[in-house]
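**Student:** Take this structure first; my questions come after.
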Amino acid sequence: MKIFYLAAEAEPYIKVGGLGDVAGSLPHALQEITAPNSIDIRVAIPFHGALQQQPPPLKFLTNLFIPHYPQPLQAQVYELENSSVKTYFINGNCFAQDAPVYSADASLDGIKFTFFSLACLELAQTIDWQPDIVHANDWHTAPALYALLVQDETFFRHTGRVLTIHNLPYLGHGAGEALTEFGLPPALNSPLPVWAQQLPLPLGIYAADRIIAVSPTYAKEIQTADFGAGLQEYLCSRRNDIVGILNGLDLKVWDPSTDPYIAVTYDLHNLDKKENNKKLLLKELGWQPSPDTPLIAMITRLDYQKGIDLALSALRKMKDIPWQALILGTGNAAVEQAVAQLQLDIPDRYKAILRFDPHLSHRLYAAADMLLIPSRYEPCGLAQMIAMRYGTVPVGRATGGLRDTIQDSGNPHTSTGYLFESASSDALEETLRRAIQNFAQRRAWRKMQRNGMMQDFSWARSARQYLNVYQEVVEKKILDPVVQEGSS
Ligand code: GLC
């Protein structure tokens, strides 16, 4: 089976968010769970400015011309050397050296990602590699699927189209004109709502044979008004094509028994050693460590989606009980400001570290007793899985992947963490108080930590589900390619 996996970012080459983690792991996991040479999975990512500045070892492969009005645009393709998964880097004039992966200018991003999406299809034809599946991710690469549908090239007549949605509300607003410039017309006669007929993500969803949401709960949520970004009715009509597959975790990177960034390594059988990480970190921060005071961590993008405001107002109201809290992250300026303000108010028990610091994040997962994740929506979320693996108990909002990965039975002995239903600071406060109370019951707390550490968050499990989806799509195409294309 030949799979062409397209993404805007992929670890370890370039990463901004969770998409980069997934695109860096899933292709390898697919290769690992299949017999040698039975799957030919190739990844393509844009040759972003940051990558050009410090490129991995690459060799030039080919030039391409991408149809575009008023004139075609040139792309250069490089291939990664010595990689177990074949990976292409696609460059062109729209990838400036100093340009960020995602810019504030939506029309610029529209051009760059449409260019990239179409270049991937052009590349497959140039190297005469007929993929069985083109797998796009989020709005950035969705134009590739739509192009496959409307351009209807003989070369791709058996190619199935799979789309993963990592974050539905990012529909690709502002990219409409770019689609037209690259010869992709609005889907005027489609069942999409009129306002969505020239937006990359809705067009990709429309063109996809299978639509994957990054958790089973998110797969259901996107079919409701609260989470559907206006597409809920259309998504409901496609319910049989929607699948929820939970992301996995890179178990080699996130392992408290080998993690090179943490002061004291530990595992399920010597969990007492975890405490040393807390002591050392708190001392470094000038705080008095106390085994009876829970350390609450938040490690997150500072974005409205993440519900940080809910956490801040809950913490303000909880000065009557002992806790210490640390928040690490960067993002939206207004959220950063609110996060910094609380430190001015209660510096003795709350600290904000406003920077992107992957190494410190490892230390914090190891040091903390609880991880707070009050997201308004969370398609999957990685932080709660990392926390559980590190014996750090997650307290999260019952949405998306948080609901699917955190078990809260109301009894610590049979739970892995805490969930609250409504996106309000009151609900969060109530649950956090419950957690802090349980923290004092040492044996029950230990059991909950262990329950979390024993969960299977491996990529192998998710990769098997992806493989099933690919197989289903391929079988359908082979049985009746014409009907499939006509009915999409
Ligand atoms: C997005 C979502 C996050 C998910 C990630 C990877 O960043 O917000 O919940 O884990 O994509 O799928």
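The values are calculated or read from the model by the stated rules, or taken from the named source; none is laboratory data. Everything quoted here is computed from the prediction, not taken from an experiment. FYI the Cβ positions are ideal-geometry reconstructions off the backbone, even for glycines, and counts take in every protein chain you see.
**Student:** Consider the range 306-334. How many of its residues are of a type in the set (Lys, Arg) and touching a residue at least 60 places away in the same chain (Cβ under 8 Å)?
**Tutor:** 2
**Student:** Say we look at the range 268-302 and pick out the residues that are free of Cβ contacts under 8 Å to residues at least 24 places away in the same chain and assigned to a loop (DSSP other than H, G, I, E, B); which of these is farthest from LEU326 (Cα to Cα)?
**Tutor:** PRO291
**Student:** Quickly run through the range 9-30 and pick out the residues that are within 11 Å of the ligand (Cβ to nearest atom), in contact with a helix residue (DSSP H, G or I) (Cβ under 8 Å, 6 or more places away or on another chain) and either among the aliphatic types (A, V, I, L, M) or in the same structural domain as LYS306 (by TED's automatic domain parsing) (or both).
**Tutor:** LEU19, LEU26
**Student:** Tell me the residue from ARG433, ARG403, ARG376 that is assigned to a loop (DSSP other than H, G, I, E, B) and among the basic types (Lys, Arg), please.
**Tutor:** Only one candidate passes the filter, namely ARG376.
**Student:** Please state which one of GLY244, GLY307 is among the small types (Gly, Ala, Ser) and at positive phi.
**Tutor:** GLY307
**Student:** Right, something else. Of all residues in the range 378-426, which are over 19 Å from the mean Cα position of the chain (by Cα) and hydroxyl-bearing (Ser, Thr, Tyr)?
**Tutor:** Hits for the range 378-426 are TYR390, THR392, SER409, THR414, SER415, THR416, TYR418, SER422, SER424, SER425.
**Student:** Residues of the range 267-320 being loosely packed, with under 15 Cβ neighbours inside 10 Å, closer than 30 Å to ASN332 by Cβ and of a type in the set (Asp, Glu), which ones?
**Tutor:** GLU284
**Student:** Here is a follow-up. Just for the range 353-412: of the residues that are farther than 15 Å from GLY329 by Cα and of a type in the set (S, T, N, Q), which one is farthest from the ligand (Cβ to nearest atom)?
**Tutor:** Step by step, filter the range 353-412, then rank; the result is ASN411.
**Student:** OK, next. Check THR114 against each of (1) β-branched (Val, Ile, Thr); (2) within 16 Å of the ligand (Cβ to nearest atom); (3) part of a helix (DSSP H, G or I) and name the one condition it does not meet.
**Tutor:** Every condition holds for THR114 apart from (2).
**Student:** Still on this model: Scan (1) surrounded by 13 or more Cβ atoms within 10 Å (Cβ to Cβ); (2) of a type in the set (A, V, I, L, M); (3) not in a helix (DSSP H, G or I) for the single condition LEU342 breaks and write down its number.
**Tutor:** Evaluating LEU342 over (1) surrounded by 13 or more Cβ atoms within 10 Å (Cβ to Cβ); (2) of a type in the set (A, V, I, L, M); (3) not in a helix (DSSP H, G or I) leaves (3) as the failure.
**Student:** Turning to a different aspect of this structure: Just one of ILE205, ILE242 is of a type outside the set (Gly, Ala, Ser) and buried (at least 22 other Cβ atoms within 10 Å of the Cβ); which is it?
**Tutor:** On inspection, the qualifying residue turns out to be ILE205.
**Student:** So, in the range 430-439, how many residues would count as being surrounded by 12 or more Cβ atoms within 10 Å (Cβ to Cβ), more than 12 Å from GLY410 (Cα to Cα) and of a type outside the set (Val, Ile, Thr)?
**Tutor:** Residues in the range 430-439 being surrounded by 12 or more Cβ atoms within 10 Å (Cβ to Cβ), more than 12 Å from GLY410 (Cα to Cα) and of a type outside the set (Val, Ile, Thr): 4 in total.
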